[in-house]
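Enquirer: Sending over a structure as structure tokens; questions will come in a sec.
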Amino acid sequence: MGRHVWILLGWSPDYGAPTTPVAVLGLDIGTDGTVTRHVEWMPRQYQHGQTWRHRLATTPAEELPARMQLWENSPTCPAARVEPLLPDRGLSEAVQFQFDDLLRPS
């Protein structure tokens with residue numbers, strides 16, 4: 001139960017590894033088992049995010065928590081679970097803030 005946030009990674013041909021952030025996905029799981037999701041896609045990473053786009057488009061929201069446990073360890077398109085930077089805000093705002101954090105220059 002609760003909120004979970006992942007950075008979704010795509011395959012980088014430059015590095016030969018899944019190092020390209022393609023999206024940030026957030027799930028809120030209610031005590032009754034309902035699942036709310038929000039995703040923010042990285043600009044200019046459409047091709048690298050194809051696998052994730054397909055996964056999320058073909059998976060009902062209620063099945064996402066179980067599938068994410070499997071997909072976290074995918075050798076080609078994994079997900080990196082992160083602690084929400086704004087856990088006390090709404091789901092879309094928390095995901096957007098995490099997304100914006102990825103876009104900030106280091």
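Enquirer: With runs of 4+ DSSP H residues as the only contributors, calculate the mean residue ellipticity of the chain at 222 nm using -39,500 (n - 2.57) per run, divided by the residue total and rounded to the nearest 500.
Expert: Calculated from helices alone, the mean residue ellipticity at 222 nm is -8500 deg cm²/dmol.
Enquirer: Rg and Dmax of the chain, using alpha carbons, in Å: what are they?
Expert: 13.3, 44
Enquirer: Another question, if that's okay. Could I have the simple spin-label model distance between Thr34 and Arg81, label points 7 Å from Cα toward Cβ, reported in nm to one decimal?
Expert: Computed distance between label sites Thr34 and Arg81 equals 2.4 nm.
Enquirer: Further, regarding this structure: Under the Karplus relation 6.51 cos²θ - 1.76 cosθ + 1.60, θ = phi - 60°, what is the ordered set of whole-Hz ³J(HN,Hα) values for region 81-94, x standing for Gly and Pro?
Expert: 6, 10, 6, x, 6, 10, x, 9, 9, x, 4, 4, 5, 5
Enquirer: Still on this structure, I have one more. Report the label-to-label distance for Arg53 and Tyr15 in nanometres (one decimal), using points 7 Å from each Cα along the Cα→Cβ vector.
Expert: 2.2 nm
Enquirer: Ok, one more. Starting at the first residue of region 11-26, write each ³J(HN,Hα) from the Karplus equation 6.51 cos²θ - 1.76 cosθ + 1.60 with θ = phi - 60°, in whole Hz, x for Gly and Pro.
Expert: For region 11-26, the Karplus curve yields 5, 10, x, 5, 9, x, 7, x, 10, 8, x, 10, 5, 10, 10, x Hz.
Enquirer: Could you give the dipole magnitude of the chain about its Cα centre, charging the beta-carbon of Lys and Arg +1 and that of Asp and Glu -1, in debye to the nearest 20?
Expert: Details: 9 positive and 12 negative charges, 59 e Å.
Here the size comes out at about 280 debye.
Quick note: the coordinates plus some simple rules give every number you see, no bench work behind them. Worth saying up front: this structure is predicted, and the values here are computed from it rather than measured. FYI the Cβ positions are ideal-geometry reconstructions off the backbone, even for glycines, and counts take in every protein chain you see.
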